[in-house]
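Reading through the structure tokens given below for one structure.
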Amino acid sequence: MMNQLIDDLRQRQLFFDQLCTAWSSEYRQRGGAIHCGKGCSGCCSLVVNCSFPEAMLVANMLDQQQQKRLKAQMPRIQKAAASSASLKEWLRGYRSEAGPCPFLNPDGACGVYAVRPLSCRSLLATKEPDWCIADFAALGSQEKQAFMESLDRSAVAFPTHYAATPQEVGQELEEATLKQMETVYGFSLLGALPWLVWLELEHQLSRRLAGGPDAVQEYLAAEGLANPFLIVLG
């Protein structure tokens, strides 16, 4: 069952990559610019949520060194989630406390690029990489105003500098994967990418899906692994 979910997911990713290539080309033709490049990695410090099948894809390709880095980061991720009282605190705390994505190579390039989730694929920056690591809470009002005035509102998901169309399509395809998982198992799983990958590698979570949502939730609670910022059963 999971194999079919993953096969269908791969097709969605292929379709999405083709769409992003076409959209980026058209955007450049009308004077826009996409600043993403190998090693820029600014967005790789953000919380990345994904479906469980996407996390499975990543888990299945990790080498021992990547698994080691992932395991080392888990206490920081869990601490950031446990200390967050709101979504805003979680998003900011993750970036400052958890550290960058554990799947980054030493040169800053994505070590799981071919199987990265749709939420990663959908972040196409229309401004320079420095803006992907900017702490907007620390900017003055004039700096914030200048930033917003510089955005191409016909293309971006305002007030961010990330292109809107890829994010909208990526979300639709992610939802399709979640709905397919719900059809197969009776429920869906969504959560933070590193956490879901670790749950599969350390707890073989995929083997527990057939027991249904109650069994999965009970296991996560018993092991101290249930946190709404890290994993959500739908």
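Read-outs: derived from the displayed coordinates by stated rules, not from any lab. In this text the structure is predicted, and so the values were computed from the model without any measurement. Glycine gets a Cβ as well: all are built from the backbone with ideal geometry, and neighbour counts include every protein chain shown.
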The stretch 12-77 and the stretch 188-223 have their Cα centres apart by a whole-number Å value of 22 Å
Calculate, in nm to one decimal, what A72 and A137 gain on full extension: separation in residues at 0.36 nm each, minus their alpha carbon distance.
20.5 nm
Calculated FRET efficiency for the pair M148/T21, C-beta based, R₀ 22 Å, to 0.05
0.20
Evaluate E = 1/(1 + (r/R0)^6) for K79 and Q204, where r is the Cβ-Cβ distance and R0 equals 30 Å; express this FRET efficiency to the nearest 0.05.
0.80
Candidates P100, P166, P75, ranked by Gaussian network fluctuation over the chain, Cα under 10 Å, top entry:
P75
Measuring from label point to label point, each 7 Å out along Cα→Cβ, what is the E218 to M2 span in nm?
2.1 nm
Taking 0.36 nm per residue of separation between R95 and A33 and subtracting their Cα-Cα distance, the length gained on full extension comes to 19.7 nm
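Hey, what did the stretch 122-205 get for relative contact order, percent, Cα under 8 Å, at least 6 apart? Please list the in-between numbers first.
Working: 43 pairs, mean separation 21.2, N = 84.
The value is 25 percent.
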